[in-house]
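K.L.:
What follows is a single structure, and I will ask about it in a moment.
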Protein chains: 2
Amino acid sequence: MEIRLATAADDDAIWAILEPTIRAGETYALPRAMTRDAALAWWRAPDGESYVAVDDAGVVGTYYLRANQLGGGAHVANCGYMTATGWTGRGVARAMCTHSLDRARDRGFRAMQFNFVVSTNDRAIRLWESMGFAIVGRLPGAFAHPGLGDVDAVVMYRALTR
Amino acid sequence: MEIRLATAADDDAIWAILEPTIRAGETYALPRAMTRDAALAWWRAPDGESYVAVDDAGVVGTYYLRANQLGGGAHVANCGYMTATGWTGRGVARAMCTHSLDRARDRGFRAMQFNFVVSTNDRAIRLWESMGFAIVGRLPGAFAHPGLGDVDAVVMYRALTR
């Protein structure tokens, strides 16, 4: 699996990954009716970088990396990751997270923060914990889950050392 | 003191409040060299509302109110507050926070979150705690304070009931 910078030629493949996750509305705080253009504008925002994970089958995952805050907070990175339907559980997210941690270090970021991990997304939380992230905050009832009602979201954080 | 929606005619007064705080770089994660246009575009973003607190002396404070997240997170409000130089300690921030909590309730928000309160900003933390907010997260070293080096930021949260 190769992980490389996304280009405009990857937009269709990225949207094919983003759309079912956004429509399901269970893991990202995004409007379930979000348009392709709005979603790609957010994922591929010009103040960040976006990557695709490519296997023989094509694009199987995508992630973005950007500063989480400006000014005095600009040394902390933020990432989002999505894996293609049918490709979960095969190490794609782990490979993307490893790549993103290396890339964040290279860019001089000194920590990485996930602002809003839905607490019912057990697989993601376990994965990030195994990648060195800790839950540093809990937002009570901050996510209106379409099936479960209001559930907590957690904030996850890890330092980056060289 | 009257608190009312800001208009374009308030831009000069709002910038006069924002500029020294942004230039000091001690409490908001914003670039210290941020331009007036960028700062006003952020404070008065079209997806939110901005208010001014007006006393006999003129505009003595300003705040914004917006959704903190989209989609399943859109029921949680976010606010930022700034008080004019020389007017701190006179209840301006408290009055603005009270106003914002009422306004957030009226708009249907069910909670309010502050994402990034610099841990050395004792006065703000004490004030928000007295207004019902709790520290629900701590981001280690997430803020590069211009005088103190890396300090923690905290996440503060409170439910809104009717």
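The values are calculated or read from the model by the stated rules, or taken from the named source; none is laboratory data. This structure is a prediction, so every number in the text was calculated from the model and none was measured. Methodologically, a virtual Cβ is constructed for each residue, glycine included, from the backbone with ideal geometry; neighbour enumeration extends over all protein chains shown. Surface areas here come from the heavy atoms of the whole protein model, side chains and all, with no ligands, DNA or RNA. Shrake-Rupley method; radii C 1.70, N 1.55, O 1.52, S 1.80 Å.
K.L.:
Scan the range A:74-95 and report the pairs whose first residue is within 21 Å of A:Leu160 (Cα to Cα) and whose second residue is surrounded by 15 or more Cβ atoms within 10 Å (Cβ to Cβ) and of a type in the set (Lys, Arg), with Cβ atoms within less than 6 Å and a gap of 6+ or a chain change.
P.N.:
Partner pairs satisfying both residue conditions: A:His75/A:Arg110; A:Asn78/A:Arg66.
K.L.:
Go through the range A:55-68 and count every residue that is surrounded by 18 or more Cβ atoms within 10 Å (Cβ to Cβ), out of contact with any Phe, Trp or Tyr (no Cβ under 7 Å at 6 or more places or on another chain) and aliphatic (A, V, I, L, M).
P.N.:
3
K.L.:
Can you find even one residue in the range B:142-162 that is out of contact with any His (no Cβ under 8 Å at 6 or more places or on another chain) and at pLDDT below 95?
P.N.:
Within the range B:142-162 (the criterion being out of contact with any His (no Cβ under 8 Å at 6 or more places or on another chain) and at pLDDT below 95), the answer is yes, since at least one residue qualifies.
K.L.:
Something else now. Check whether at least one residue in the range B:100-108 is basic (Lys, Arg), at pLDDT 95 or above, in a strand (DSSP E or B) and closer than 22 Å to A:Phe143 by Cβ, and report yes or no.
P.N.:
Checked against the condition, which is being basic (Lys, Arg), at pLDDT 95 or above, in a strand (DSSP E or B) and closer than 22 Å to A:Phe143 by Cβ, the range B:100-108 yields no hits at all.
K.L.:
While we're here: Answer yes or no: is there a residue in the range A:103-122 that is more than 20 Å from A:Arg66 (Cα to Cα) and free of Cβ contacts under 8 Å to residues at least 24 places away in the same chain.
P.N.:
Yes, the range A:103-122 has at least one match.
K.L.:
Then there is this: Name every residue in the range A:1-20 that is touching a residue at least 24 places away in the same chain (Cβ under 8 Å) and either assigned to a helix (DSSP H, G or I) or crowded, with 17+ Cβ neighbours inside 10 Å (or both), in order of residue number.
P.N.:
Matches in the range A:1-20: A:Ile3, A:Ala6, A:Asp10, A:Asp11, A:Ala13, A:Ile14, A:Trp15, A:Ala16, A:Ile17, A:Leu18, A:Pro20.
K.L.:
Those residues that are open to solvent by 50 Å² or more (accessible area, probe 1.4 Å) and hydrophobic (A, V, I, L, M, F, W, C), I need them from the range A:132-162; list them, please.
P.N.:
A:Ile135, A:Leu148, A:Ala159
K.L.:
Out of the range B:30-47, which residues are in contact (Cβ under 8 Å) with a residue 24 or more places away in the chain, away from chain A (no Cβ under 11 Å) and out of contact with any Asp or Glu (no Cβ under 9 Å at 6 or more places or on another chain)?
P.N.:
The answer is B:Trp43, and nothing else.
Conditions tested, residue by residue: (1) among the basic types (Lys, Arg); (2) open to solvent by less than 30 Å² (accessible area, probe 1.4 Å).
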residue	(1), (2)
A:Val76	no, yes
A:Ser100	no, yes
A:Asn115	no, no
A:Arg126	yes, no
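K.L.:
Something else about it: When the range A:27-54 is examined, which residues are found to be open to solvent by 20 Å² or more (accessible area, probe 1.4 Å) and in contact with a Gly (Cβ under 6 Å, 6 or more places away or on another chain)?
P.N.:
A:Pro31, A:Arg32
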